[in-house]
Structure formats: C-alpha cells, structure tokens
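The values are calculated or read from the model by the stated rules, or taken from the named source; none is laboratory data. What you are looking at is a predicted structure, and each value in this text was computed from that prediction instead of being measured. In this analysis, Cβ positions are derived from the backbone assuming ideal geometry, glycine residues included, and neighbour counts consider all displayed protein chains.
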There are 4 protein chains.
Amino acid sequence: MRIGLVGLGRMGQGMGARLLSGGHELLVYNRTAGKSGDLEKAGAMVAATVAAACKDREIVISMVADDAALNEVAAGIQASLPNDAVHVSMGTHSAGAIKALAAAHAEKGQAFVAAPVLGRPDAAAAGQLVIVAAGAPAALKKCEPAFSLMGRKTVEAAATPESALAIKLANNFVLGCAIETMAEAFSLVRKYGVNPQVFYEVMTEGLFAAPAYKVYGKLMADASFDKPGFTTRLGLKDIKLALAAAELVNVPLPSGSVVRDRLVGAIAHGDGDKDWAVLAREQARACGLE
Amino acid sequence: MRIGLVGLGRMGQGMGARLLSGGHELLVYNRTAGKSGDLEKAGAMVAATVAAACKDREIVISMVADDAALNEVAAGIQASLPNDAVHVSMGTHSAGAIKALAAAHAEKGQAFVAAPVLGRPDAAAAGQLVIVAAGAPAALKKCEPAFSLMGRKTVEAAATPESALAIKLANNFVLGCAIETMAEAFSLVRKYGVNPQVFYEVMTEGLFAAPAYKVYGKLMADASFDKPGFTTRLGLKDIKLALAAAELVNVPLPSGSVVRDRLVGAIAHGDGDKDWAVLAREQARACGLE
Amino acid sequence: MRIGLVGLGRMGQGMGARLLSGGHELLVYNRTAGKSGDLEKAGAMVAATVAAACKDREIVISMVADDAALNEVAAGIQASLPNDAVHVSMGTHSAGAIKALAAAHAEKGQAFVAAPVLGRPDAAAAGQLVIVAAGAPAALKKCEPAFSLMGRKTVEAAATPESALAIKLANNFVLGCAIETMAEAFSLVRKYGVNPQVFYEVMTEGLFAAPAYKVYGKLMADASFDKPGFTTRLGLKDIKLALAAAELVNVPLPSGSVVRDRLVGAIAHGDGDKDWAVLAREQARACGLE
Amino acid sequence: MRIGLVGLGRMGQGMGARLLSGGHELLVYNRTAGKSGDLEKAGAMVAATVAAACKDREIVISMVADDAALNEVAAGIQASLPNDAVHVSMGTHSAGAIKALAAAHAEKGQAFVAAPVLGRPDAAAAGQLVIVAAGAPAALKKCEPAFSLMGRKTVEAAATPESALAIKLANNFVLGCAIETMAEAFSLVRKYGVNPQVFYEVMTEGLFAAPAYKVYGKLMADASFDKPGFTTRLGLKDIKLALAAAELVNVPLPSGSVVRDRLVGAIAHGDGDKDWAVLAREQARACGLE
C-alpha cells in the first residue's frame, strides 16, 4: 500500500519501520526536520509538507503528541487527502478533538479512523502495540494490513471515532487511579512501621499481580522517581483528557478528581518531571511522612 | 502442639481441619453451638466455654467475624490463657481493637500475635492462605508449625500486632479502589457506545491482567451482581476499617473516601446485599445510565 | 418545676444558672466533683449520684461531652427516672447513640427528648441558645418552661429524637465545609499574590456576609490559629458525627469526606490542637505555599 | 472621558448607561447588531467595528461572555487601541486567557487592566457593582472615573491582571461549594424526616445568615429550580474556570472537584438548564430520595 506517515516521534518511527518491513511504500513527514534519517535508510521517502505526504496515498497516518499538533497537521491532511484514502489518527487525543475532526472529514466526504494505541515505543518498534480502532467498516478494512504490522492485536471500539479514544483514555484513567491508590496504601502501612517492600510483595503476589502494580508499586517501594517512564505532568495531561472525555458525555469521575488533585499537588511541590509514581511521595507529604 | 481454636465459621473450620491434618491436638469452641460436627469427626475435642478452650493450650487461635465478637472472646482468653501460651487473632479487625488487645495481653504478661489472612474459605480448607503476622519473635516462632499448615506463606509485618492489620486492610483498600475505578471506567466507555466486554478485554489483557480486575471486571461487564462473593455492606465495613486504621495514624485516604461514599449510595439504592461490583451500577446511576 | 441536671461543664453551668433564675428547683450532679460551687451559691442542691439527681424530678437534663459519657449517665437515669418524668439529652451526640437511647427509654415506658443546642457557653449563660428539640409532643410540652429560660428559641425537628441531632450535626457539617472551602479559596488567591485581607473583604461584604465566614475567614486572613475557639480535633469529631449520622440513613456526603481528609492531614502535621481554621495552613501545605 | 464599550449584553448595557449618566462620551459596539437602541437613545454613538469603537478613546471596555468572545474582540482592540489608552476587560474569563492577553498588550506597549465585577445586571444598571481591578497603577488611575460610576466600590487585587480574576473566580468557587454543601445537608436532614424549611431557618438565622445561603437555601427548601437565576451549565463553567485558575498556579481544590462532579451528574440527569440549586436534587438522587 501507499502510506503516508505524519509525525516521527519515537512512536512514529517505530511504526514507520514496521510498515516498511511489510513492503509498503512509505512517505513520511515531520513538522521539525531531522527525524527521518533512520526511516530513509530503511526505504522511506520524505515529504516536505503535509500536503506532499498525502500525495497518492491510500492511508495517511498521523501520530502526533497532542491536540494542537493534530489540529495543525489535520488541516493539511483535510486539504490534500486523495479521494478514497483514509486518514488514521493514532495519537492520544481528546475525545472532543477527535469528534470535531471526524465531523470535519465527514463534511468533506473523507474517510477517517481513530486508532489510538496501547504500548510504549519499544512495543511500537516490535509491532506489538494494541490498536483500538473506530471508524466506518470500509475504512477500518482498508487499514487492516497496516494495523497488523504495527500491532499484535486490533480491538474495535464502537461506531464513532471518539469511542476509540474513550477506551484508550479509560485505560489510562484506571492506571492513574491505581497509582494513586497504591500511594495511599503505602503511606498507610508505612505509618505502622511496615517495610514497603513487604507490602509490595503481598499486593503483587495476590489480587494485584499485574504490570500496573508491579511496575509502579516497585518504584514506590524503592522510592525511585528520578528516571521517569512517564512524568507527573504527562500523567496530569492524561487524567485531564479522561475527565474531559467523561464530561463530554456527562460522566462524573470522582476517583479521577482525586488523582487530578494529587498530581497538581505533586507539581506544586516540584515533582512535575518525576515519574508519576511520585504520587507516593505526595501522599506521604499529605500525612506528614516527608 | 496443643491448639485451641475459637470461632468455627467457614474460615475457622477450614483452618481447624488443616491443623488436625498436621497431627495437632485441637480443642475447639464456637459461641453458637452446632458448628463443630465436621471437626469432631476429624478428631477435634469440643470445649463448652472459651475458658475451657484455653486449657493446657500452647496456642489459642481466635477467628471471629468482627470487633464485637473479638472483644467478647478475648476477655475469656485473657482470663484463661496458660503462661507461655500465645493468643493468635487471625480475623480481620480494626487496627484500634488489635492495638487495645495487644496492650491488654501485654499488661498480663501474655503473648499475643495478630495474624490476619488473605484468602477465602476454599483457600483456608486447602492450606493456601497468605498469613500476615506480627508479634514478638518468640511468639511468632511458636506459631510457625500452625501457620505452615494453614497457609502457603507467612509474611511478617512490623513490630506491633496492629501492623499486620494495616497490611491486610491496605490490601482490601486497594481492592475497593480498583472496583470503584473500574465502575467509573465502564460508565465512561458505555456512554461512548462501547460494549463493556470489549473494554474488559483491553483492560485485563494489558496493564491490569490480575485477579482483582479479571474477577470484578467480569462481573461488571456481565452486570452480574446477584450472587455475591462479597457484599456491598461487607465492602463498606472493610473500607471503613481501612479509613479508621488510617485515621489512627493520621493518614488521609481520599480515594477511600470516594469508595465509601459510593458504597453508601449503593446501599441507599437497595444494593447492599449485592456483590460489591454493583458499584458499576451505582456509578451508572450517577451518570444517568440507569 | 423540679429539675435534675447531669453534667456541669461550661454549657451545663450556664444552663443551670438560667434554670435557677427562673425559680426552678435544681438538683445537680457531675461525674467529677468540684464543679457545682457556683450553682450551689445560686441555690442548687447537689446530688451524689445520677440516681440521686433523678429523685422526684419532673425533668432530668443531661449535658455531657460525648457518647461514652452519655451512655454512662443514661444507664443511671434509666434506672431512676420517676414515672412521668422526661429525660432531656442536650449534648451533641451521634444520631446512633440517641436512637439507641430513645429505644431504651421507650422500652421502659419513659419519656425522652433530644434537644441539642446551637451556641457557645456565653450564649448558654445568657439564655440565648437555639434549642433543636424532638420527642413526643407531651414530653416536649413539659420541657417548654425550661427551654424558654435556656434558649432564645426552640425549633422542633421531626418525629424521632435523633432528627434533632440530624439538624445540629448538619449545621456543624455546613460550617466545616465552609471552613475547608475558604481554606481552598485563600490558597488560590494567595498564589496570585493577593493579600488575604483583600479577599476576606470581598467575600464577607458580599454573598458571604455571615458569622461563619467573618469569624473563620478572619482567622485565616490573619493566620491566627493558636487561640482555638474550636480545635481541629473537635472539628474532626463533629465531621465524623455528621458522616456517621448520614451513613445511618445511607446518605453519602462527598464534601464532608474532603473536610475529614483535610482535618486528618492537619492533625498529621501537628495542628490538632489549633483552631480548625488551620485548615487554611493545611491547604497551603498541599499546594506548596508552606 | 472618551470611552469605548465592546459588548452590549445585559451587563454591558447597564454599565454603558451609567457611564453616559456621568457625562462621558460613549462609543459602543456589539458583535451582533440590534442591542444598542437604549444606549443610543441615552446618547451613545455606535461603532460598526471593534476598530471603530477604539477610535480616539481613552478607555476601551470589553464586557463579553467568554474567552472565545474576548479573544475575538481583543484582537481588534490590540490592533486599534490609541497610544496611552487602556483596554479594560470586565468580563469573567479564565486566568490563563487574561494572562495571555496581558502579555499581548504588554508586547505592544499597551495598557491593560482586568476588572471583573461582582453583581448581577440590576447592580450594573444601578452602579452598584463591586469591581475587582488589577493592572499598572497609572492605568488603574485612568479608569477611576469610569469605575466610580459603574460600581459602589473598587477593590485592587495584586500586581498582575490575572490576580483580579483569581479573586472573582475564588468568590464564585466559594459559592459553588456552599451550594453543594447545602445540598448535602438538606439530604441528610430530609432522611431524618425533617421539613427542609425548618433546617433552612436554623441555618440562615445563625452562622449562615448571608445572601448565598438565604437565596440558594430557599430554592432548595422550596425545591424551586425551574426559574434559573444561574444555570447548572453556567455553574459548571464557573467551577471549571476556578479549577483551571488553580491548576495554573498548582493549587488542588478538592472541594471544587466534588462540586464539579455533582454538576456533571446534574447535567447527565437533564438538569443542565435548571438553577444550579438543583444540586439539591442531584444529591437527593445520590441517596435514593428521588
């Protein structure tokens, strides 16, 4: 297939490499130059503009960092997307932005799929992402060959593109809440003199033997927050996206509000660029432990 | 060893059978009669009073339902515990009650161990509990043969008996929060038209591939709340025990407060005797889904 | 009338003096001796026991500090209350304790009125309390002459004695929430460089021109927490009474949970014996201002 | 003075009439036509564009509904504001928008004052607003004659224009929290059978004898939500502005989060266009009363 790829961050580069490995013709574009070297070596062509990256494409994938970047590149894609081609937005965006973008594409008679992913850059490079996709059946079908190279699994959300974001954001929300919950639990046992490693073991050997608890619980037990896998600020961004997606459909998320408040507090105390497991420290402050 | 066992509910019966299987001499007592038949067949002797159940014992285990029951039987145990014997409280109690009981035993020069357990009655019957224990080293050592029959693992908490409760209650607290969090997440995706089973799959195949999410998430995805594994009322009792344990050492638990409020609401709506996964329905009500 | 008065704290002494000023025959009792001097000078007789304080009385008023004290004196009152006499509990107690006490009196065919008061000791001494009363109409009628001396106004709650507590505790709850809300608001404006006195003035000259905001807002604007009118610990006790009264009838109080958590945090930071306006400092800590 | 006024809603019209009454030369503009009739009769000139409304002005006042409207008119004002003239933004906007606008004006060397107001349209028409102002001293001084006609009082916030918004939004925040708190309190007493009017009286005669409680408490006691003074949706907008202003300076507002969640729930239940006192009904739903 002839595929365009807009956005060459770490995720985009991994995804692009996978697409090339499948023999697809890849045309890439990034808003800031100098990111395309590795993909060029692997056979990608480079476009100088978003419009150029859409030329003759069957699919144009956008993988950018936030709503502002999406709105910027999407304007170009809307202007240049060939008839019958599909724009596939794979970044993590607000449900509102995706809903608006879907409407804009629909107005032009263009096909649009939202397909946010679960997984870090290493999963992207290995083609092991979980892709949560939503859009018109024909458009989804057209994306299948690309999805099967980038992900180990594709999950169909519901009828509207924003429903894919709802799943992605809800999953992130559950993670944020699990982190806050662990933070509270660790502070409780610490006040009783319990070694955090002991509680970590009890928790993760039993009901909570899952990556979310093992990874973030370990960081808390070790008080290791300085090499962030995901920062407090990004955590706040994600929780706010979940709260906004919920508000759009009139859903209160009281647990999310608690997490939001704690993340704001952590940033107030200078921990914005730490790993968001630092909520354990923020909670410790709240009960006089630090 | 000569062991006394006070409290023959489903947990106590399973634990007693394991102790008999190890060749120990077991003397049992229950506040209401008629619960000892199976254990008698397996070789247990029956005491008519708490005092009698303490006679000549090296260890007296209490396994009762709540603080009120504990305080009742503990008065008898304090009065009749032989010198050098250990009282081992294995029920889930408030940290405050255990702290007070520890002080009462200490005043009489009696050894006391708190050893709440993780696991349901089937785990008790199979000797597969996780036992969280705290007390003086010599007392803990004396309990080892009994613990090794009842549990697959013994975890030492910290110096004070109540520290064992802190771990147990913190673990329950994390569970309650996970249930509330899932309830909120399901309502969010449902409002976007997503089939709950789809979200269940995404969540439990990834970061949350653990029993807590698989068990309770499934109940929510299936809207199956009528055969309670653990009721809303019991959930509220557990969360309140965690909040009280936290308050005793001046720890705010904002996520716990959210869970508490939702459980109270669920009871208000008539769901007190449903499985506490019914928080999914309570959250659905809060956003107009039901 | 022949009136018994059990409980001679600052409130009880003020109330007793008012009853004597109305020409009633007053028989007083206090659990710890040495509190009755002023009332004796004003004409009161002193009873050596609760039972003695009930002798030949038409009304026996109890005004004690907490549920434990109430349960202790109430046992004596139940045993000795003359036929046709009324026990009037005027302290601030849990709805649950009052409900249980009402049932106990009813079982003995004794009349019982709950009549908690709004107002500090100076209002009690001046007969300016607001009395919130609930009980059987005949019993309330019998109390009228006493109420009219002690209070400037009597408000009838609803049918059950505990309904009077619901009003009293709800009013305290609204106060706790107002204090927390102001604490949050002050931290917000302070972060923008606003002098707290300026915000105090805006707030209390407009929508919030009421004692709750003027008194506690001023303490916050002045950061004056060391001469407590009401301590953080007592505030926590009151909020917990409100939460418990709400839970008894299945009412979630999410704002109350927020206040509870902050009060616990303030105690954790050593502010338990400060005026509960110190929530302003606790909130300031939570956002890195202190 | 030569004054421009952009925005002729009910607030703007009242303010414009006051300025004319003081003998000032007023040039008005509204984005949608047909709003200027009354002011023309009173002597105002009408401008066809924002640029025209700035011509030869000493002060240009903008009084528009939200950030989007502000950004639209502010672009025109920045382009056309005479040297030495002052742009005074008097609407309720986000702290972030005002901060950005202040920076934009500063870059052009233009004077800018933020001066949000407390008071409804009737207060505007009567010149009885409270004006909260912030900006450079010289600019504030220039606005004085206009402020003294429009308001009964001008309060100076702090150094930055956005500090004025912080005060305005914090005051609204306190109101939203008071409404939620009352909603919770009413549900509590109702469950005990108390007539809401009785609780209303106790509350508003004592610690809470202030407009916020009298006005909104009455609506709740009467269950009168259908003639909104201020709707649930607008309430949510205001609380979100407060939360956003707080987040900008890293302040968690847990009470605000509770209000936000309840407002979202009320909208979910179809009460978005009711008076926001309808939170009483939303809370009643949450505890099974409706």
By residue number, the members of region A:184-194 that are part of a helix (DSSP H, G or I) and either more than 7 Å from every other protein chain (Cβ to nearest Cβ) or on the phi > 0 side of the Ramachandran plot (or both) are A:186, A:190
Please verify whether residue C:289 is at pLDDT 95 or above, in contact with a helix residue (DSSP H, G or I) (Cβ under 9 Å, 6 or more places away or on another chain) and crowded, with 24+ Cβ neighbours inside 10 Å, treating the condition exactly as stated. no
Inspect region B:270-279 for any residue being among the small types (Gly, Ala, Ser) and facing chain C (nearest Cβ under 9 Å) and give the result as yes or no. yes
Restricting attention to region B:248-269, which residues are under 20 Å from residue A:183 (Cα atoms), within 9 Å of chain C (Cβ to nearest Cβ) and surrounded by fewer than 22 Cβ atoms within 10 Å (Cβ to Cβ)? B:249, B:250
Does residue A:206 satisfy the condition of being touching a strand residue (DSSP E or B) at 6+ places or on another chain (Cβ under 7 Å) and modelled with pLDDT under 95? yes
Hits in region A:271-280 (condition: within 16 Å of residue A:234 (Cβ to Cβ) and of a type in the set (Gly, Ala, Ser)): A:272, A:277
Being within 20 Å of residue A:273 (Cα to Cα) and hydrophobic (A, V, I, L, M, F, W, C) is the filter here; which residues of region A:228-260 pass it? A:230, A:234, A:236, A:239, A:241, A:258, A:259
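Take residue A:97 and tell me if it is buried (at least 21 other Cβ atoms within 10 Å of the Cβ), in contact with a helix residue (DSSP H, G or I) (Cβ under 6 Å, 6 or more places away or on another chain) and part of a helix (DSSP H, G or I).
Yes; evaluated as a whole, the condition is true for this residue.
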Tally time: how many residues in region B:126-162 are farther than 20 Å from residue B:8 by Cβ and part of a loop (DSSP other than H, G, I, E, B)? 5
Considering only region D:112-123, state which residues are crowded, with 22+ Cβ neighbours inside 10 Å and away from every other protein chain (no Cβ under 14 Å). D:112, D:113
Yes/no for residue A:175 being on the phi < 0 side of the Ramachandran plot, surrounded by 21 or more Cβ atoms within 10 Å (Cβ to Cβ) and away from every other protein chain (no Cβ under 13 Å): no
For region A:1-14, which positions are in contact (Cβ under 8 Å) with a residue 60 or more places away in the chain and part of a strand (DSSP E or B)? A:3, A:6
Just checking, how many residues over region B:181-194 are free of Cβ contacts under 8 Å to residues at least 12 places away in the same chain and buried (at least 21 other Cβ atoms within 10 Å of the Cβ)? 5
Filter region A:115-165 for residues that are touching a His at 6+ places or on another chain (Cβ under 8 Å) and free of Cβ contacts under 8 Å to residues at least 60 places away in the same chain and give the result. A:116
Condition broken by residue D:123, with the remaining ones in (1) assigned by TED's automatic domain parsing to the domain that holds residue D:65; (2) over 18 Å from the mean Cα position of the chain (by Cα); (3) part of a helix (DSSP H, G or I) satisfied: (2)
Looking at (1) free of Cβ contacts under 8 Å to residues at least 12 places away in the same chain; (2) within 26 Å of residue D:179 (Cα to Cα), find the lone condition where residue C:168 falls short. (1)
How about region A:195-242: which of its residues are in contact with a Leu (Cβ under 6 Å, 6 or more places away or on another chain), within 11 Å of chain B (Cβ to nearest Cβ) and either touching a residue at least 60 places away in the same chain (Cβ under 8 Å) or among the acidic types (Asp, Glu) (or both)? A:242
Residues being closer than 16 Å to residue C:256 by Cβ and out of contact with any Ser or Thr (no Cβ under 8 Å at 6 or more places or on another chain) - total across region B:260-290: 4
Residue A:138 versus (1) facing another protein chain (nearest Cβ under 9 Å); (2) over 20 Å from residue B:188 (Cβ atoms); (3) not aromatic (Phe, Trp, Tyr): which is the lone unmet condition? (1)
Residue that is crowded, with 16+ Cβ neighbours inside 10 Å, modelled with pLDDT of 95 or more and in contact with a helix residue (DSSP H, G or I) (Cβ under 6 Å, 6 or more places away or on another chain), where the choices are B:26, B:20, B:8: B:26
Quick check: anything in region C:142-161 under 27 Å from residue C:279 (Cα atoms) and either facing chain D (nearest Cβ under 7 Å) or crowded, with 24+ Cβ neighbours inside 10 Å (or both)? no
Just wondering, is there one or more residues in region C:71-91 that are surrounded by fewer than 18 Cβ atoms within 10 Å (Cβ to Cβ), assigned by TED's automatic domain parsing to the domain that holds residue C:16 and in contact (Cβ under 8 Å) with a residue 40 or more places away in the chain? yes
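Among the candidates C:266, C:178, single out the residue that is under 25 Å from residue D:285 (Cα atoms), among the aliphatic types (A, V, I, L, M) and free of Cβ contacts under 8 Å to residues at least 40 places away in the same chain.
Matching residue, one of C:266, C:178: C:178.
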I need the full set of residues from region A:70-94 which are of a type in the set (Asp, Glu) and not in a helix (DSSP H, G or I), in order please. A:84
Can you name every residue in region A:15-58 that is hydrophobic (A, V, I, L, M, F, W, C) and assigned to a loop (DSSP other than H, G, I, E, B)? A:33, A:42, A:44, A:47, A:48
Extreme residue, farthest from the chain's Cα centre (by Cα), among residues of region A:127-141 that are buried (at least 20 other Cβ atoms within 10 Å of the Cβ) and of a type in the set (A, V, I, L, M, F, W, C): A:139
Collect the residues in region A:49-70 that are more than 29 Å from residue A:237 (Cβ to Cβ) and either modelled with pLDDT under 95 or crowded, with 22+ Cβ neighbours inside 10 Å (or both), keeping them in residue-number order. A:57
For region C:33-42, check the following and say yes or no: at least one residue is of a type outside the set (Val, Ile, Thr) and under 21 Å from the mean Cα position of the chain (by Cα). yes
